[in-house]
Structures are given as C-alpha cells and as structure tokens.
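Take a look at the structure set out below.
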C-alpha cells in the first residue's frame, strides 16, 4: 500500500526531529490524496482543492501514546514544480482541535 518504501519507510521513529508523509498532490490533479495506512470510514481518501480540511493525528504504541496533533490543510488548486513554490499554494498549519 505504501508507494515510497525505499525513500520513506512506512513505520518511522516518532519524535521532534522526525517527519512523515501523509498526503501528496499529483500534477494536473485537483485533489490532495491522503496516503494513510488506516483510513477511517468517515474520511474521504481525497480532499478537493479550495476545501480546507482538519486532520487529527495521534501516535499510539503498546506502552504509550502521544498528544493529539491537529493540522489544517488548504490548497488553492495551483500546481508548481518545486517545494518552495508549492508552499505558496499548499498551506499546512497546526491548529487547536
């Protein structure tokens, strides 16, 4: 299911210096595609542009669990090649639940 196993392992170490990929935008698409290992029944796998969406994440193990992290994703539907250029069109910010 995970399409980038050689670039980003599916199971990452969670911590302040780690990062993870949970979505992607394909050129000429008008959706944000969620790449979650488990997708709840009430969560669509795609988010349409100009539709800000909040997602809440929580890391859970056998012995501990993290605080919840709520992110808001907003994309204006414009595609540009390059990380810096896309930061002007795809905004991800931490918000309070």
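The values are calculated or read from the model by the stated rules, or taken from the named source; none is laboratory data. This structure is a prediction, so every number in the text was calculated from the model and none was measured. Ideal geometry is used to build each Cβ from the backbone, glycine not excepted, and the neighbour counts take in all protein chains shown.
Filtered by the rule that a residue be touching a residue at least 12 places away in the same chain (Cβ under 8 Å) and within 17 Å of the chain's Cα centre (by Cα), the stretch 56-71 gives 56, 57, 59, 68, 69, 70, 71. Taking the criterion of being exposed (fewer than 13 other Cβ atoms within 10 Å of the Cβ), modelled with pLDDT of 90 or more and in a loop (DSSP other than H, G, I, E, B), the residues of the stretch 53-87 that qualify are 67, 68, 76, 78. Looking only at residues in the stretch 88-97 that are at pLDDT 90 or above and farther than 17 Å from residue 21 by Cα, the one that is surrounded by the most Cβ atoms within 10 Å (Cβ to Cβ) is 89. At pLDDT below 90 and outside any loop (DSSP other than H, G, I, E, B) - does that describe any residue in the stretch 34-44? Looking for residues that are at pLDDT below 90 and outside any loop (DSSP other than H, G, I, E, B), one finds at least one in the stretch 34-44, hence yes.
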